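Asker: This structure is in structure tokens; I'll ask about it shortly.
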Amino acid sequence: MILKVENLKAKIVGEEKLILKGVELEIAEGEAHVIMGPNGSGKSTLANVIMGNPKYEVVDGDIRFLGESILNLRTDERAQRGIMLTFQNPYEIEGVKFDQLLLTAYRKLHGEDKTFFQLHSELKSIVSEIGLPVEFLERFVNLGFSGGERKKGEIVQARFLKPKLLILDEIDSGLDVDALRLVANQINEIKRAGTSLLVITHYSRILNFLDVDRVHVYIDGRIALSGDKNLAYKVEADGYSIAR
Amino acid sequence: MLMEKTLRLQHGSMKAIVPPRKTVEIKDYSIENFKPSGNNLLDEWRIKRLSEYATLQFPYWKRTGLKRLLLPNISHYKGPENLDELGIKVIDSLDFEGSDRKFVLLADIFSLSGRYFVHSGVKTLILEDFDSIDNSLVIVENGTLNLVRIVKRALFVGNLRILLKPGAELKLYNLYIGRGMDESSPLISNVFVEAQEGSKLLVRDFYFGGTINAGYFGLRINGENAHSDIRPYYLGVGRNVIDILYLVRFYAGNSYSNVDAKGVLMDTSKLIFRGIMDITSGCKEAEAHQSNHALLLSERAKVEAIPSLMVDEHEVVASHAASSAPVDEQTVFYLMSRGIPKDEAIRMIVKGIFETLKDELNNLDESLKLGGLIEDALGSVVG
């Protein structure tokens with residue numbers, strides 16, 4: 001099991017109200033799971049809590065990654081274990097160039113197994129495959145990027161950094177159909193390379209292009225229903241009320 | 001033209017009351033310290049300045065804590081001694097109040113280094129040979145001048161006046177790297193610019209080091225279609241006080257100016273940022289913006305931002321913005337989620353603030369790689 005979430009309860013630091021109210025989730029190595037849920041149900045919070053966002057506090061339960069509890073690990077340590085989160089709204093970082101971020105991150109995650117030139121060449125080929133100009137690498141991270149460029153930038157990072165578990169937080173929002181298909185193909189590629197996936201989304205449309213093993217319907221801070229890909233289409237047809 | 005006051009205190013029939021100037025007693029220069037330049041025109045002007053200088057005492061500069069000043073011996077005069085009639089006219093007309101009138105006059109009269117030149121064509125000029133008191137005048141007749149001033153000194157009192165003639169372009173980089181170990185050795189720089197019709201001005205100032213690092217930048221826009229892009233950067237460490245003032249006064253419409261300050265404050269350092277965008281009557285379609293964004297890396301670091309928009313005309317665009325905040329926790333989280341430890345993530349964010357300045361300096365002259373100066377300054381404080 002690559003990820004095991006047990007009775008996870010969490011809230012925003014300094015607040016009382018629970019956002020995660022006992023999440024149970026198991027993802028086997030190499031599998032792709034999808035979490036669907038309405039706005040405000042706490043899907044992004046789950047992703048952030050797994051990644052260790054200091055904005056949130058775990059009050060009960062556990063998160064085990066490859067058998068090890070990661071609750072006491074810092075975010076960078078979780079990333080170094082092999083977890084990566086792509087952000088719904090990636091942050092702008094003035095003065096930090098995209099390639100600088102990625103080369104630094106790669107060395108943190110994988111050591112110095114490749115030279116700077118090998119890494120740069122690999123990065124350029126990924127960027128081209130994703131339909132971005134090579135100059136993209138010279139730009140400051142997410143600064144002045146369009147919505148689509150930001151999402152593609154996150155995918156470039158995932159392809160390059162090769163995490164063991166990739167959590168995609170609404171990677172499909174704001175993408176047109178062509179960009180959606182391209183991004184989905186890239187996600188399939190990442191899965192084929194051995195990465196396990198946790199895809200968080202509102203809509204089933206990305207699932208038309210994704211190779212998915214399991215779908216979970218997430219309502220009010222916990223997983224209410226699980227099934228195969230057909231569950232997503234049922235939600236699309238009947239709404240989230242089927243799980244309430 | 002009369003001296004350009006920092007604040008115009010009269011509006012219609014209303015007049016503001018100016019508080020009396022507080023002063024401190026510091027051993028001062030007198031007529032005995034006046035050394036002739038060998039240029040009669042210049043000396044006549046200096047003597048006129050001296051008569052005003054003698055009436056003023058040094059200011060009690062509460063914001064910076066300046067109470068003492070170790071003035072150097074005046075063994076000779078050096079400055080713009082090759083001034084011609086045009087030069088005298090320009091140096092006389094480019095008269096601003098400055099950080100304090102006393103310091104402006106001091107550098108005008110007792111300079112130990114300086115130069116006067118009229119530029120035309122395209123050139124990059126790097127100046128480093130500053131003495132503790134400097135006075136210079138540059139006239140950009142036409143073409144483009146890239147002027148880099150690297151002021152690495154303990155005590156420095158300097159004036160730079162620039163006339164930007166119609167259509168001329170100037171890129172001015174002032175790198176103020178203070179070496180003063182206590183309040184008696186401040187770095188005080190006054191830069192006065194007149195931008196005429198269709199001229200383009202790019203200014204990058206970098207304030208770092210020393211104890212008191214005070215900069216005054218006064219721009220008089222005296223022609224339509226003038227464009228100015230001014231970016232002060234600061235890096236405050238230790239008990240460094242950075243006191244900077246940017247004044248842009250429009251005497252012509254249809255012109256653009258943006259003062260966009262940013263920087264980082266650590267330890268118990270303090271920034272005083274005053275931005276004054278002053279659009280006088282009749283300057284239709286002028287556009288003036290100013291902002292200051294300070295990143296605070298210590299709870300004891302302080303920012304005092306005092307923005308002023310003075311607008312005497314209806315058809316204009318003017319704005320200001322200011323922020324001072326610690327490093328954004330979520331941005332750090334984003335970097336950490338890529339495997340980068342927290343201290344390294346913060347270092348990346350801090351260095352990023354100066355990256356554009358560093359790149360611009362490196363691109364000015366590939367062989368000199370002047371961005372290394374910024375890198376060194378950052379390296380010495382954030383690693």
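A short reminder: the numbers here are calculations on the coordinates, not readings from a lab. These numbers come from a predicted model, not from an experiment. Reconstructed Cβ throughout: ideal geometry from the backbone, glycine too, with neighbour counts over all protein chains shown.
Asker: Per-residue mean of other chain beta-carbon atoms within 10 angstrom of the beta-carbon, peptide A:72-85?
Answerer: Values: counts 0, 0, 3, 12, 12, 3, 3, 7, 4, 1, 1, 2, 3, 4.
That works out to 4 on average.
Asker: If you count, for each residue, the other Cβ atoms within 10 Å and average over each peptide, how do A:114-123, B:228-237 line up from highest to lowest?
Answerer: Values: A:114-123: 13.6, B:228-237: 22.6.
Per-residue Cβ counts within 10 Å, averaged per peptide and sorted highest first, yield B:228-237, A:114-123.
Asker: Any chance you could give the angle, 0 to 90 degrees and rounded to 10, that helix B:40-53 forms with the longest Cα principal axis of chain B?
Answerer: Compared with the principal axis, the helix lies near 70 degrees.
Asker: Continuing with the same structure: Listed highest first by mean packing, meaning other Cβ atoms within 10 Å per residue, what order do B:86-92, B:374-380, A:163-169, A:107-113 come in?
Answerer: Numbers: B:86-92: 17.9, B:374-380: 16.0, A:163-169: 23.9, A:107-113: 13.4.
Descending mean neighbour count gives A:163-169, B:86-92, B:374-380, A:107-113.
Asker: Calculate the mean, over all residues of peptide B:194-207, of how many other protein chain Cβ atoms lie within 10 angstrom of the residue's Cβ. Could you put the intermediate results ahead of the total?
Answerer: Numbers: counts 0, 0, 0, 0, 0, 0, 0, 0, 0, 0, 0, 0, 0, 0.
Mean number of neighbouring Cβ atoms from other chains: 0.
Asker: Among B:341-347, A:73-79, what's the highest-first ranking by average C-beta atoms within 10 angstrom per residue? Each step should come with its number before you reach the end.
Answerer: On the way: B:341-347: 17.4, A:73-79: 20.9.
Descending packing order for the listed peptides: A:73-79, B:341-347.
Asker: Going by C-beta contacts inside 10 Å, put B:Lys35, B:Lys351 in order with the fewest on the left.
Answerer: On the way: B:Lys35 17, B:Lys351 20.
Lowest to highest Cβ neighbour count: B:Lys35, B:Lys351.
Asker: Short version: ³J(HN,Hα) in whole Hz for each residue of the stretch B:132-144, in order, from phi by Karplus 6.51 cos²θ - 1.76 cosθ + 1.60 (θ = phi - 60°), x for Gly and Pro, what are they?
Answerer: With coefficients 6.51, -1.76 and 1.60, one gets 6, 10, 10, 9, 9, 9, 10, 10, 9, 6, 7, x, 10 Hz.
Asker: Right, another one. Please give the helix B:342-353 orientation as an angle from the longest Cα principal axis of chain B, in degrees from 0 to 90, rounded to the nearest 10.
Answerer: That works out to roughly 30 degrees.
Asker: By how many degrees, between 0 and 90 and to the nearest 10, does the Cα long axis of helix A:177-192 differ from the longest principal axis of chain A?
Answerer: So the helix axis and the longest Cα principal axis differ by about 90 degrees.
Asker: Among the lysines, select those whose C-alpha is under 23 Å from the C-alpha of B:Lys62, and discard any that sit fewer than 8 residues away in the same chain.
Answerer: Result set, ordered by chain and number: B:Lys5, B:Lys22, B:Lys27, B:Lys102, B:Lys270, B:Lys302.
Asker: Compute the Cα gyration tensor for the stretch B:23-326, then decide on rounded, prolate or oblate, letting a ≥ b ≥ c be the square roots of its eigenvalues: rounded whenever a/c is under 1.5, prolate when a/b is larger than b/c in the other cases, and oblate in all that remain. Don't jump to the answer; show the numbers that get you there.
Answerer: On the way: a/c = 1.64, a/b = 1.06, b/c = 1.55.
Oblate, since a/c reaches 1.5 and b/c is not below a/b.
Asker: Hey, could you get me the Stokes-Einstein D for the protein assembly as shown, Kirkwood radius over alpha-carbon pairs, 25 °C and 0.890 mPa s, rounded to whole µm² s⁻¹?
Answerer: On the way: Rh = 27.7 Å.
Estimated diffusion coefficient is 89 µm²/s.
Asker: Still on this model: So what are the ³J(HN,Hα) numbers for the stretch B:203-219, from phi and the Karplus equation (6.51, -1.76, 1.60; θ = phi - 60°), rounded to whole Hz, Gly and Pro as x?
Answerer: The phi angles translate into 10, 10, 10, 10, 10, 7, x, x, 9, 10, 10, 10, x, 10, 10, x, 10 Hz.
Asker: Using alpha carbon centroids, what distance separates the stretch B:168-191 and the stretch B:220-257, in Å?
Answerer: Between the Cα centres of the stretch B:168-191 and the stretch B:220-257 lies a distance of 15 Å.
Asker: Turning to a different aspect of this structure: What percent do you get for the relative contact order of chain B when only Cα pairs under 8 Å and 6+ apart count? Before the final figure, lay out the partial values.
Answerer: Values: 978 pairs, mean separation 35.2, N = 383.
For chain B, the relative contact order is 9 percent.
Asker: For an R0 of 51 angstrom, estimate the FRET efficiency from the Cβ-Cβ distance between B:Glu32 and A:Leu143 and round to the nearest 0.05. Before the final figure, lay out the partial values.
Answerer: On the way: r = 58 Å, r/R0 = 1.13.
With a Förster radius of 51 Å, E is 0.30.
Asker: Return the subset of B:Lys152/B:Lys262; B:Lys35/B:Lys152; A:Lys124/B:Lys171 for which the Cα-Cα distance in this structure is over 31 Å, preserving the input order.
Answerer: Working: B:Lys152/B:Lys262 21 Å; B:Lys35/B:Lys152 25 Å; A:Lys124/B:Lys171 34 Å.
Beyond 31 Å: A:Lys124/B:Lys171.
Asker: Based on Cα coordinates alone, diagonalise the gyration tensor for the stretch A:3-238, multiply each eigenvalue by 5, take square roots, and list the semi-axes in whole Å, largest first. Can you show the working numbers first?
Answerer: Details: eigenvalues 157, 89, 55 Å².
Listed largest to smallest, the semi-axes of the stretch A:3-238 are 28, 21, 17 Å.
Asker: Would you kindly derive the ³J(HN,Hα) couplings of the stretch B:289-298 from the backbone phi angles with the Karplus curve 6.51 cos²θ - 1.76 cosθ + 1.60 (θ = phi - 60°), listing them in order in whole Hz, with x for Gly and Pro?
Answerer: 10, 8, 8, 9, 10, 10, 9, 9, 9, 8
Asker: Taking amide H atoms as placed 1.01 Å from N in the peptide plane, list the residues 5 or more away in sequence, or in a different chain, whose amide H sits under 5 Å from that of A:Leu197.
Answerer: Correct list: A:Glu31, A:Ala32, A:His33, A:Leu166.
Asker: What does the helix-only formula give at 222 nm for chain B: each DSSP H stretch with n ≥ 4 adding -39500 (n - 2.57), the total divided by the residues, and the result rounded to the nearest 500 deg cm²/dmol?
Answerer: Working: 7 runs with 75 residues, N = 383.
My calculation for chain B gives -6000 deg cm²/dmol from helical runs alone.
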